[in-house]
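J.: I have a structure I would like to understand better, so I am pasting it below and will then ask my questions one at a time.
The values are calculated or read from the model by the stated rules, or taken from the named source; none is laboratory data. The model shown is predicted, which means the values in this text are computed figures rather than measured ones. Counting neighbours? That spans all protein chains shown, and the Cβs are built from the backbone with ideal geometry, glycine included. We work out accessible area using only protein heavy atoms, side chains counted, and drop any ligands, DNA or RNA first. Shrake-Rupley method; radii C 1.70, N 1.55, O 1.52, S 1.80 Å.
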Number of protein chains: 4
Amino acid sequence: MKFIRDSLHGNLQINELEVKLIDTPQIQRLRRIKQLGFTYLVYPGANHTRFEHSIGAMYLASRLGNNLQLDDDEKELLRVCALLHDAGHGPFSHVSEGVRDTSHEELTSKLIKESQLSDILSENFNVNDIIKTINGKGVFGQIISGELDVDRMDYLLRDSYYTGVAYGVIDVERLIYNMELDDTITLRRKGVQAAESMLLARYFMYPSVYQHHTTRIINSMFRKCLRELFKTGAVDPVNIYQYDDLDIITGARAQDGYIKDMISRIDNRELFKTVFSLKLDEIENPEAVFKLSSQEIIKTEKELSEDLKIPQGYLIFDVPEYPSFDEMKTMVSVNSGRVKLGEISTIVSALKDARFNHADLCIYVPKDYSSKVSEFSFEDYIKIPD
Amino acid sequence: MKFIRDSLHGNLQINELEVKLIDTPQIQRLRRIKQLGFTYLVYPGANHTRFEHSIGAMYLASRLGNNLQLDDDEKELLRVCALLHDAGHGPFSHVSEGVRDTSHEELTSKLIKESQLSDILSENFNVNDIIKTINGKGVFGQIISGELDVDRMDYLLRDSYYTGVAYGVIDVERLIYNMELDDTITLRRKGVQAAESMLLARYFMYPSVYQHHTTRIINSMFRKCLRELFKTGAVDPVNIYQYDDLDIITGARAQDGYIKDMISRIDNRELFKTVFSLKLDEIENPEAVFKLSSQEIIKTEKELSEDLKIPQGYLIFDVPEYPSFDEMKTMVSVNSGRVKLGEISTIVSALKDARFNHADLCIYVPKDYSSKVSEFSFEDYIKIPD
Amino acid sequence: MKFIRDSLHGNLQINELEVKLIDTPQIQRLRRIKQLGFTYLVYPGANHTRFEHSIGAMYLASRLGNNLQLDDDEKELLRVCALLHDAGHGPFSHVSEGVRDTSHEELTSKLIKESQLSDILSENFNVNDIIKTINGKGVFGQIISGELDVDRMDYLLRDSYYTGVAYGVIDVERLIYNMELDDTITLRRKGVQAAESMLLARYFMYPSVYQHHTTRIINSMFRKCLRELFKTGAVDPVNIYQYDDLDIITGARAQDGYIKDMISRIDNRELFKTVFSLKLDEIENPEAVFKLSSQEIIKTEKELSEDLKIPQGYLIFDVPEYPSFDEMKTMVSVNSGRVKLGEISTIVSALKDARFNHADLCIYVPKDYSSKVSEFSFEDYIKIPD
Amino acid sequence: MKFIRDSLHGNLQINELEVKLIDTPQIQRLRRIKQLGFTYLVYPGANHTRFEHSIGAMYLASRLGNNLQLDDDEKELLRVCALLHDAGHGPFSHVSEGVRDTSHEELTSKLIKESQLSDILSENFNVNDIIKTINGKGVFGQIISGELDVDRMDYLLRDSYYTGVAYGVIDVERLIYNMELDDTITLRRKGVQAAESMLLARYFMYPSVYQHHTTRIINSMFRKCLRELFKTGAVDPVNIYQYDDLDIITGARAQDGYIKDMISRIDNRELFKTVFSLKLDEIENPEAVFKLSSQEIIKTEKELSEDLKIPQGYLIFDVPEYPSFDEMKTMVSVNSGRVKLGEISTIVSALKDARFNHADLCIYVPKDYSSKVSEFSFEDYIKIPD
């Protein structure tokens, strides 16, 4: 038995199997992957890592398992899934995700299969069960990857703790206590409010933290830089889960020209400025924005760059992340059977309508250019699909 | 200069004038008025008082005043109003309010005028300005008594701290920072989310704390008891703001019969049980419920008591507090001028629709009777006005 | 299974037996006994009660029991002892203790034996085992009443939480984790620091909270008042554990003359002032001070009152509580066997030397008199035994 | 005016001059220097940086300045000094310090003079005043670099927050409130306890965090690695303040042989194990240990390596950091004038005696070797100077 002191949840107990998993280079690497990518440039405390988050999610998984009165093997499966669920994340977590084709869940599956992790796991588990659960499938899938999963519970609390933004303070005790296990995780009626509160917490964290305007600028700068770095061959996008944050930053510093300039701007916080913004709740069909292909985005950037005489790569056309608050498929047990959370909660269904309130299409350029183009009619260049 | 150590806000500075006000019996009495009435019987930590809340509101008033760049006199006026805003509260705060005819705001005005408080105040202020502001009037009224006032900011934080229910943890910094002063308090666009979050916090605190089912039972038991106590003449309802929690409890203990029995049940937590509940979001016109007059309620109680052979006073028909989430009149400054918060916030307007989600009409009886009447058709007795 | 939400430790699980015990008037009364007596007049948040502290201590008892790998019966015994350990406290906790002859531990034993508590307990336990353990005897005695007991762990944390004084924030996890059970509780070498830190926390809380100068003044005023109240027969000191804080305050208000005046001064915070103070670390034999008998103290008060023409009862000669930091008998397991904590810890043994640093003999009089006697030679009247 | 949201102190206001300083590459670099070096390998939350600490210290400096009633220029000087006080830190903060000859204070002075920082500063200040104050000289020196400075206040709180070790929770409010300015910072008598508590907090943080055994192993492994890296010329020790944590880690990874192996062990947490430990409080003259020169240490390592057939560089002889708890020169104002804190505080002077309690001389080797050498007589090789 070992203990890890977590700044959020206190002293957490770790058994022998878990120690073995934690001691692999695959899990140790997560100590060097920041949970919130470049958010530390906006909230200076946001230096926390996927490692502590994974340990925290593991702890919440066993608390939930205890409450569901699972047997020891089931609880251990849950713990291990929570521990491993983010193992495939690339450097800077979600930031690098936009640049490659494969999701971090797929990469996690691949990583587990190919590495010593599967050897350690196969002594006690069917590795496919683990992978299935991590991908949100099966009876326990919703616990690891669902709307009210232990991943979210931990990251909302943790991101609040390290950014100092209070929105993510949720009532984990009430939530866990009101979950039941049928063929999937179901919420008791008494837990609806705790669930509403958690979904709202996430909603509020979007504009304040996850899609903070400055963070979006940095992320889009970094993605441009990373895409070019891939082209040099210095970093292999297929094996992105073998790199850590340091590799990418110093890898980019070692290059010349555009890549070096972009990483130096990030290092020194010489950030691009927003010169155009189109609020999605002010246009007719906001959904259409997300049909913009990357080719079209690149084309628009090129046209604008040329007409504005800004060097290629120095004008960024940024489509926001799709605000996915429209699911709410969690089942709630009521007298008459089970209904979807989105159906019985006025608050939760309001989130669907509110989801474009804080999203906008943006164009960023370096500070030097920003004053020069302030009068420009950017809107003429932006063609939103029908 | 003196300091008071507040468990929430830290060391708070108090000037000479404020010390004089605090040192009056009128303000000292607030140390013996629990902020949340009998909620300590549900959340054992909820023993906090109107006194510390008033000091906390005073502190937030000056933080808001600083941010609005008010001059020293204006800030002092705000501080004093926040300090005095609850001085007229009767024992157990809002619980005693339902039994008398006058609101605590009216009583506060009366108390200030009649006591040494007005002598102390009149050295520096026009007492009528103070009273006007406390009652939500004038340029500063919304700061002391409005939808986003310092009263609410403090009590949400404080009630969360002492109950252990996290819902009330709000982002006071962001809220205060985004307020402007026109002819009244106006919110900057950037503060909308902090305001949404605060209004939701209050919404969530209702069923969890303020209108928790057990608290409602105790409150309705206590109100019955207090009404009878008034009849004995032992406590004078007109001067209710001269009594503290202790006076009422021990005053009731000193009586015989019903009054003594009821207070003894509260003391020993032998609470009535709910034998009937009608959810307001399941009936057609929930608004109508609040047209029930106290005569009609008493008549229904009488009929039910007789038919069920329960002694008078031992069956309680409890109409919930009106869930007032339909205002949202706070003004938000946008490019085109000013709009109401309820108009631009999907989330806030959803609160209006959700306001009856947690409210229900209830009937309570002592535990001994509860099993005997479980099959009874209570609904036949309940006549909701059109 | 029930849950109680504690503001410090979160949702705490309570089993059926414990619910029965909690639902007795004897334990419910603790909801109306403030943990820190009149400290709320100094730190306005300090309204917490013996009830929540008892629940908190019960929780810590089972955490410690888990760590010591006790069986379920042993853990339940510990939990019950922690729950009941303060049941015999009189109103305002330790403040009333100075006025009677019997300690709260003795009263707790008596109360358990005489009340329905022993009936409930005897279904599962030998009541004498419970009483023995509560009094610090037997294998588990040190867990409930010892130098590093769960009582202290809870009250240090709790008193810090509600006063806002950070000194009591201790590392409960590390402490509990480093305790072993031999024939008594023993500390592992690795836990020495956590123990040092806890003993220091208590040391620091003395002058800041427990023996804060203003609190001492109020306590000594209250004790004078209570002593007179006993004489009237309105309150029976033998059955002090049947009264709550409210009984005593309103009982005193119902009297005339001195008693009424004193309680009114406490209610309105018109406190006596210190006119003389003798620091114990500045005299030769501080231990001797504690040999002063109550007769001698009363005699001194009388002489001073007469010579200063202050009415009887309005001059208080206050000997501080004995600062008991000289025990440190906790055993620590080291390679060579076991040694006393006080022997291997330089820090802990320093506490013995430092124990008189903050203690002083004081004389208090009403504010009106204080200026008149400022030049008086009080020291001539104080005779410290050899 | 700008705001930075600090996870500890909340929204912190930053003026135009400070924004200019913060926006330099010199201060931005601090975002990439971990405050506690490799401690994140022991406490996974300890990823916080010199950047947020510098901002936090700046905030505390102005709170102290307010309390001392300094004028605006003096407060600004204090703020700027606190902001810059760590600018010269090399990668991994103090860990790299042991490898070079110059202290971080000297490097900070050099960096300020040589960089654009001095240009920005010289518009408002005499740069030499800034440097003097940062080095603890002059009237304000003790505020920035003294026994009770804002640097320590911030790091104790911050390190507690991020490690989850509660020892560092100190009463900053009481401390700041009790400081006075004479010709230097002086403590009021009433602040002695807050000062004791802070010095003890630091004492307790040593074995738990700053000199945690695992941290010491990692640090000594890293220092060996860094020394070799310097020899390759890839990193220039003279300009160490131009590198960040990433440069060093990835710089080492890019090497071959010993350097690559050592950094890979740190990355994967394959740490050396302790095979010998000599507690300093068990030897006669612990002070002498610190006279061991680096030549002697290297010589001992060499002898041991040869005799144990362990490759050069894979046996580490680690002398602990000198436990500097023997100063306590802070002045306290008492009736009779001023005395040293160490003279009037029993607790503080006990720290001097206790300072070797947790220190030990250690020898570490890779895990594979550790079992083979467990019987070896290491003590014969260790020669402590007289």
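J.: Rounded to the nearest percent, how much of the accessible area of region C:1-81 (1.4 Å probe, protein heavy atoms only) is carbon and sulfur?
T.: Exposed carbon and sulfur together represent 41 percent of the surface.
J.: Also, I was wondering about something else. Equivalent ellipsoid semi-axes for region B:2-212, as square roots of 5 times the alpha carbon gyration tensor eigenvalues: give them largest first, rounded to whole Å.
T.: Working: eigenvalues 114, 100, 51 Å².
Equivalent ellipsoid of region B:2-212: 24, 22, 16 Å, largest first.
J.: Next question, about the same structure. May I ask you to give the solvent-accessible area per residue for the protein assembly as shown, in square angstrom, as obtained with a 1.4 angstrom probe? Spell out each step's value before the answer.
T.: Numbers: 58780 Å² over 1544 residues.
That works out to 38 Å² for each residue.
J.: Over all pairs of distinct alpha carbons, what does the Kirkwood formula give as the hydrodynamic radius of region B:32-154, in Å?
T.: Evaluated over region B:32-154, this radius sits at 14.8 Å.
J.: Go through region D:165-177 residue by residue and turn each phi into a ³J(HN,Hα) via Karplus (6.51, -1.76, 1.60, θ = phi - 60°); whole Hz please, and just put x for glycine and proline.
T.: These are the phi-based 3J(HN,Hα) values: 8, 6, 3, x, 6, 10, 8, 4, 4, 5, 5, 4, 5 Hz.
J.: To the nearest 0.05, how large is the calculated FRET efficiency for C:Glu106 and C:Phe3 if R₀ is 41 Å and r is the Cβ-Cβ distance?
T.: Taking R0 as 41 Å, the efficiency between C:Glu106 and C:Phe3 is 0.80.
J.: Within the set D:Lys20/D:Lys113; A:Lys367/B:Lys190; C:Lys352/D:Lys352; B:Lys302/B:Lys367; A:Lys340/B:Lys190; B:Lys224/C:Lys2, which residue pairs have Cα atoms separated by over 26 Å? Present the calculation step by step, with values, prior to reporting the outcome.
T.: Working: D:Lys20/D:Lys113 16 Å; A:Lys367/B:Lys190 23 Å; C:Lys352/D:Lys352 16 Å; B:Lys302/B:Lys367 19 Å; A:Lys340/B:Lys190 33 Å; B:Lys224/C:Lys2 28 Å.
Long pairs (Cα-Cα over 26 Å): A:Lys340/B:Lys190; B:Lys224/C:Lys2.
J.: Excluding ligands, DNA and RNA, what is the accessible area buried between chains D and A, summed over both sides, using a 1.4 Å probe, to the nearest 100 Å²?
T.: So the buried area, both faces added, is about 2900 Å².
J.: At a probe size of 1.4 Å, how large is the accessible area of B:Tyr59, to the nearest 10 Å²?
T.: Per-residue accessible area (B:Tyr59): approximately 60 Å².
J.: How far apart are the D:Asn285 label points across copies, placing each 7 Å from Cα toward Cβ, in nm, shortest first?
T.: Output for D:Asn285: 4.3, 8.9, 9.9 nm, nearest copy listed first.
J.: Rank these residues by their accessible area, most exposed first, probe 1.4 Å: C:Lys291, D:Lys273.
T.: Reading off the accessible areas and sorting them downward yields C:Lys291, D:Lys273.
J.: Calculated from DSSP H runs of 4 or more alone, at -39500 (n - 2.57) each and per residue, what is the 222 nm mean residue ellipticity of chain C, nearest 500?
T.: Computed mean residue ellipticity for chain C: -14000 deg cm²/dmol.
J.: Please go through region B:301-386 and write out the trypsin sites (Lys or Arg not before Pro) that DSSP classes as loop and that have at most 13 other C-beta atoms within 10 Å.
T.: B:Lys309, B:Lys329, B:Lys372, B:Lys383
J.: Could you give the nm distance between label points at A:Lys279 and D:Lys190, where each point is 7 Å from its Cα heading toward the beta carbon?
T.: Between A:Lys279 and D:Lys190, the simple spin-label model gives 5.1 nm.
J.: Given label points at 7 Å from Cα along Cα→Cβ, what nm distances, shortest first, separate D:Lys299 from the same residue in every other copy?
T.: 7.5, 7.7, 10.7
J.: Counting other C-beta atoms within 10 Å, and keeping those with at most 15, which DSSP coil GluC sites (Glu not before Pro) do you find in region C:332-386?
T.: Values: sites: C:Glu343, C:Glu375, C:Glu379; in loops: C:Glu375.
Qualifying residues, ordered by number: C:Glu375.
J.: For the pair C:Ser264/C:Asp380, report the inter-label distance in nm, with labels modelled 7 Å from Cα in the Cβ direction.
T.: 3.5 nm
J.: Another question about this same structure. Just for chain A, what percent of DSSP beta bridges are antiparallel, to the closest 5?
T.: That works out to approximately 90 percent antiparallel.
J.: Where nothing but the Cβ of Lys and Arg (+1) and of Asp and Glu (-1) is charged, how large is the charge dipole of region B:1-128 around its Cα centre, in debye to the nearest 20? Mind showing how you got there, number by number?
T.: Numbers: 14 positive and 18 negative charges, 125 e Å.
Approximately 600 debye in magnitude.
J.: Quick one: compute the contact order of chain D, relative version, from alpha carbon pairs under 8 angstrom and 6+ residues apart, as a percent. Working shown, then result.
T.: Details: 576 pairs, mean separation 58.4, N = 386.
It comes to 15 percent, rounded to a whole number.
J.: Evaluate the relative contact order of region A:2-212 (contact order divided by residue number), counting alpha-carbon pairs under 8 angstrom at least 6 apart; express in whole percent.
T.: 18 percent
J.: Please work out whether chain C counts as rounded, prolate or oblate from its C-alpha gyration tensor, where a ≥ b ≥ c are the square roots of the eigenvalues and a/c under 1.5 means rounded, while otherwise a/b larger than b/c means prolate and anything else oblate?
T.: oblate
J.: Let me ask another. For region D:76-159, which GluC sites (Glu not before Pro) are both in a DSSP coil and crowded by at most 10 other Cβ atoms within 10 Å? Present the calculation step by step, with values, prior to reporting the outcome.
T.: Details: sites: D:Glu76, D:Glu97, D:Glu105, D:Glu106, D:Glu114, D:Glu123, D:Glu147; in loops: D:Glu123, D:Glu147.
Counting only loop positions with at most 10 other Cβ atoms within 10 Å, the GluC sites (Glu not before Pro) in region D:76-159 are D:Glu123.
J.: If R0 is 41 Å, what FRET efficiency do you get for D:Ser336 and B:Asn11 from their C-beta distance, rounded to 0.05? Before the final figure, lay out each step's value.
T.: Working: r = 29 Å, r/R0 = 0.70.
In this case the efficiency is close to 0.90.
J.: Follow-up question, since we're still on this one. For the rotation that brings chain B onto chain A, whose beta-carbon in chain B is nearest the axis, and what is that distance in whole angstrom?
T.: Looking at chain B's Cβ atoms against the axis toward A, the nearest is B:Ala350, 2.
J.: Need one number: % antiparallel among DSSP beta bridges in the protein assembly as shown, to the nearest 5. Can you show the working numbers first?
T.: Working: 88 of 100 bridges.
Within the protein assembly as shown, antiparallel bridges account for around 90 percent of the total.
J.: Points 7 angstrom from Cα along the Cβ direction at D:Lys329 and C:Tyr322: gap in nanometres?
T.: Label at D:Lys329, label at C:Tyr322, 4.3 nm between them.
J.: Something else: Compute the distribution of all C-alpha to C-alpha distances in region B:1-51, in bins of 5 Å from 0, and list the percent of pairs in each, rounded to whole numbers.
T.: Binned Cα distances yield the sequence 5, 18, 19, 24, 17, 10, 5, 1.
J.: Now for a different question. In whole percent, how big is the carbon plus sulfur part of the accessible area of region D:171-227, probe 1.4 Å, protein atoms only?
T.: 46 percent
J.: Then there is this: Roughly how many whole Å is it from the C-alpha centroid of region A:301-364 to that of region C:81-152?
T.: Spelled out, the Cα-based centre of one part sits 59 Å from the other.
J.: Okay, next question. Rg to Rh ratio, the protein assembly as shown, alpha-carbon atoms and Kirkwood radius?
T.: 0.95
J.: Report, for C:Gln116, each distance to the same residue's label point in the other copies, shortest first and in nm; define the point 7 Å along Cα→Cβ.
T.: Sorted ascending, the copy-to-copy spacings read 4.7, 6.3, 7.8 nm.
J.: Expressed in nm to one decimal, what extension gain is obtained for the pair C:Asp119 and C:Glu180 from 0.36 nm per residue of sequence separation less their Cα-Cα distance?
T.: Difference between extended and current length: 18.7 nm.
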